[in-house]
1. Want the number for residue 112 to residue 398: 0.36 nm per residue separation, take away the alpha-carbon distance, what's left?
2. With a 10 Å radius around each residue's Cβ, average the other Cβ atoms per peptide and rank 341-354, 170-183, 421-434, highest first.
3. Which value in nm describes the separation of the simple spin-label points at residue 74 and residue 271, placed 7 Å from the Cα toward the beta carbon?
4. Relative to the present Cα-Cα distance, how much length would full extension add between residue 27 and residue 428 at 0.36 nm per residue of separation?
5. What whole number of Å gives the distance from the Cα centroid of region 173-195 to the Cα centroid of region 45-101?
6. If you take the beta carbon distance between residue 179 and residue 249 as r and set R0 to 56 Å, what does 1/(1 + (r/R0)^6) give as a FRET efficiency, to the nearest 0.05?
7. Report the trypsin sites (Lys or Arg not before Pro) located in region 370-421 that are in a DSSP loop and have at most 11 other Cβ atoms inside 10 Å of their Cβ, or state none.
8. Counting pairs of alpha carbon atoms under 8 Å apart in space and at least six apart in sequence, what relative contact order in percent does region 146-262 give?
Amino acid sequence: MISKIIRKILGKPVKKSVNGPTSGNDLQPKKITVKVHQIDPKLISPNAIKVTQTLQQAGYKAYIVGGAVRDLILGIKPKDFDVATNATPDQVQALFKKSRVIGKRFQIIHVTFYNNSSHARDRMEIIEVSTFRALLVETGKHIANSGRVLSDNVWGSQSEDATRRDFTINAMFYDPSTQVVLDYHGGMADIASRVLRMIGDPATRYREDPVRMLRAVRFAAKTGFTLEQNTLEPISQSASLIHDVPGARLFDEMLKLLMSGHAWSSMTKLREVGLDQGLLPMLDVILEQSDQTSFAKLALDRTDERILQGKSISPGFLFAALLWHQVEQQWKLNIKGGKPSIVCLNEAIDEVLSAQREVFAIQRRFETDMREIWSLQPRFEKRVGKMPYRLLESARFRAGYDFLCLRCQVGELPSELSTWWENFQNGSLEDREKLLVDVKSERSPSTSDMPGKSRRRRRRGVKGKEALENDDQSQQSF
Ligand code: ATP
Ligand code: MG
């Protein structure tokens, strides 16, 4: 609303004067040449260059900015590119056919490209273009009581834009046409000394946006940089501010943290800086219970490996792994009530997911994936009759099987079980029949449907067998 009015009235970038030590109005940037920053142009998305060029040719300023510049200086290929300009969103949109306005809190333009560039994922690449933004205006209207900023679409100068960014290493601008980096806050020196430093007064900046604390953890884990003392110190006292952040944003940030390629070190860092306690119960559990640590650690290590190899990750699978032990514990508890195992499992799933929603809701579609992966687990242990064939046809077989492998790997289930399923998947019809016969003759964990009881075969009467069949039928929706 505010931004609309401002755009209507002004229609062009405006300057907002701000007082105080964080003011970036009159800052002059250091100009860093290619000799010093040594950015390899081959790491830059041609589409990002197209965007800066188009804007510059239309008479505007335009730079690659933020994390992309940080990564380029570190010699890392950025996963996405942001461009900052003095053109307003309307002016940007007028220049790019395939562009649209995104977001309320930060109005940005997404310019979409379809091509075969190695930078593009799935042949589509989005370059985010944002207009230089002013520092916070202290009218209080767009600031919550806690100090959290609710909306701040006020255009400003380039130096203000630099000053309102989070860390010095994230506040540099790179012009591909001149190959010069503009550095307003000593980001280059901080990169050289491997320091992560918040711009301005860190406590205030965390109050404005508590997500910055999670970002501090993520970047520290990703770069291996040290959190500068003043940047680190206020985090533990400000941890409770995270509760003010809308759940969807918290989920996005957690996902970024988990998919940063440094998930495990991010988790341990969260604890180190005092952001885990009571704040994210899921993490308390992961980090505090040593017997569970190995499962979560394995899942996170695998995730990191896949990310670093450029492979895709299913967030549903990841969260399923992180919450599995809570589900398993609840399942065991529920079973004591005497209800059929599968009913108990489904109830446990509902309970764990609803407890998680209290902290931050995992997106519905990922919840669905998690539910499916978990519900499939008992079916892997039932290797009788047609059941394995039905399971193989289940749409989520692969995810369920990968999950099973993790469980086997940490000794939660015997490793023969995952080997059996590997052979069953890859075998001919004959092989499969033989594998089923082998299971019958072997006193194996195959018919157990109790969590954590895999080694001991429970004696089943007819009733038990019926329950098994019923359980299986109750799963046919997969
Ligand atoms: P990556 O994309 O590798 O996760 P990034 O630094 O590019 O890291 P983005 O979320 O893409 O992170 O944000 C782009 C830039 O926008 C950041 O580098 C930073 O300059 C600025 N920025 C993002 N979030 C914030 C925030 N919460 N507070 C201040 N500045 C921010
Ligand atoms: Mg980025």
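1. On the way: separation 286, 0.36 × 286 = 102.96 nm, distance 3.21 nm.
Computed gain between residue 112 and residue 398 is 99.7 nm.
2. Working: 341-354: 18.8, 170-183: 21.1, 421-434: 12.8.
Packing order, densest peptide first, comes out as 170-183, 341-354, 421-434.
3. A separation of 2.3 nm, rounded to one decimal place.
4. Details: separation 401, 0.36 × 401 = 144.36 nm, distance 7.08 nm.
The residue 27-residue 428 span can extend by a further 137.3 nm.
5. Taking the Cα centre of region 173-195 as reference, the centre of region 45-101 is 16 Å away.
6. Details: r = 35 Å, r/R0 = 0.63.
E(calc), rounded to 0.05, equals 0.95.
7. On the way: sites: 371, 379, 382, 383, 386, 390, 396, 398, 407; in loops: 382, 383, 386, 396.
Answer by residue number: 386.
8. Working: 131 pairs, mean separation 28.7, N = 117.
For region 146-262, the relative contact order is 25 percent.
The values are calculated or read from the model by the stated rules, or taken from the named source; none is laboratory data. Computed from a prediction, not measured in an experiment: that's the story for all the values here. Please note: Cβ atoms are built from the backbone with ideal geometry, for glycine as well, and neighbour counts cover all protein chains shown. Note: areas computed on protein heavy atoms with side chains; ligands, DNA, RNA excluded. Shrake-Rupley method; radii C 1.70, N 1.55, O 1.52, S 1.80 Å.
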